[in-house]
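Okay, so here's the structure we're looking at.
Just so it is clear, none of the values below were taken in a lab; they were calculated from the coordinates. Just so you know, these numbers come straight off a predicted model, no measurement behind them. No Cβ is skipped: glycine too gets one built from the backbone with ideal geometry, and neighbour counts run over all protein chains shown.
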Amino acid sequence: MRRTALAALCLAAAATAGLTGCLPGQDSADSKPQGPFAGLSGGQIADRAVKATKGASSLRMKGEVTDDESKGTIKIDLALDKKGECAGTMSMGGQGKADLIKTGDTVYMKYDEAFLRAQSKGESKADTDAAVAMLAGKWSKMSLKGQDAKDMASLCDLDSVLSGMDDTGNGTTARGRTTESEGTPVITLHEKDGKDRYTAYVATEGKPYLVRIDKTSGPDGPQHLSFTDYGKPVPAQKPAGDVIDLDALGG
């Protein structure tokens with residue numbers, strides 16, 4: 001049960017890297033661009049957005065991506081920083097929700113019943129019922145000494161999650177119009193890479209942070225992620241009350 005849920009979260013991180021990997025690409029022909037980032041091509045703006053976003057100490061990542069294995073949708077809402085602290089929620093295919101907190105060398109998880117049952121396909125009814133009775137609605141914890149928790153830690157590390165931005169796209173990046181996204185003035189960037197089409201939104205005021213990125217078409221269908229709360233503390237406090245020690249149960 002634990003390993004299945006952790007694998008799902010790691011798939012979300014992998015999908016995140018796949019989306020952000022579309023930046024930066026080659027420049028398209030931008031003729032004397034005006035307005036915000038005047039004189040800069042789409043590719044040059046993308047370069048600045050990548051540099052600013054990767055330089056942030058923390059951010060909140062929220063959106064929907066496709067799980068390559070199940071072809072279902074993973075929803076994620078996670079605040080994380082470069083210290084490896086994180087706090088947020090995730091769900092798969094709209095079936096339940098799991099809460100996640102990672103602070104220090106401990107990972108805390110809380111699953112609802114629907115999430116546990118959805119992730120228990122192939123297991124016996126007795127085993128599923130036992131897992132639900134033990135874990136549903138309750139906080140559990142694992143030490144980073146265990147492999148499951150180590151796998152989770154990569155999702156909570158901002159440098160690791162944004163590492164996909166190091167990949168250079170094969171498509172072209174074109175400037176779009178100025179608009180607003182997540183309450184922030186932005187400029188849009190458009191990229192084509194094979195059958196995939198992307199639109200990125202880059203802040204035009206303050207640092208040129210990446211505010212949102214949409215995969216508007218492609219074999220996996222539409223996907224999107226937003227990036228907000230740059231530089232804000234991550235609310236990664238140890239849960240209050242009793243916490244089930246999964247390491248002790250496994251030992």
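Work out, in µm²/s and without decimals, the Stokes-Einstein translational diffusion coefficient of segment 95-251 at 25 °C, 0.890 mPa s, Rh from Kirkwood over C-alpha pairs. Please list the in-between numbers first.
Numbers: Rh = 18.9 Å.
Value of D from the Cα-based Kirkwood radius: 130 µm²/s.
Restricting to lysines 8 or more places apart or on different chains, can you count the pairs in segment 35-98 with Cα atoms under 17 Å from each other?
Numbers: Lys51/Lys82; Lys54/Lys62; Lys54/Lys82; Lys54/Lys83; Lys62/Lys75; Lys62/Lys97; Lys75/Lys97.
For segment 35-98, the number of qualifying lysine pairs is 7.
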Checklist line | Extension gain, Ala114 back to Asp245 (0.36 nm per residue minus Cα-Cα distance, nm) | finding: 45.0 nm
Note to self: For a protection proxy built on the mean count of beta-carbon atoms within 10 angstrom, sort 98-107, 132-141 highest first, please.
What the structure shows: 98-107, 132-141
Checklist line | Two-site label geometry, Asp99 and Glu180: point separation in nm, points 7 Å out along Cα→Cβ | finding: 3.3 nm
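Give the average over all directions of the projected area of the C-alpha convex hull of segment 191-248, one decimal, in nm². Display every interim value, and only then the final one.
Working: hull surface 30.8 nm².
Mean shadow area of the hull around the Cα atoms is 7.7 nm².
Quick one: net charge of Gly84's neighbours, Cβ under 14 Å, K/R +1, D/E -1? Write down the numbers at each step before the final one.
On the way: positive: Lys82, Lys83, Lys102, Lys150; negative: Asp81, Glu85, Asp105, Asp151, Asp157, Asp159.
Spelling it out: positives minus negatives among the neighbours equals -2.
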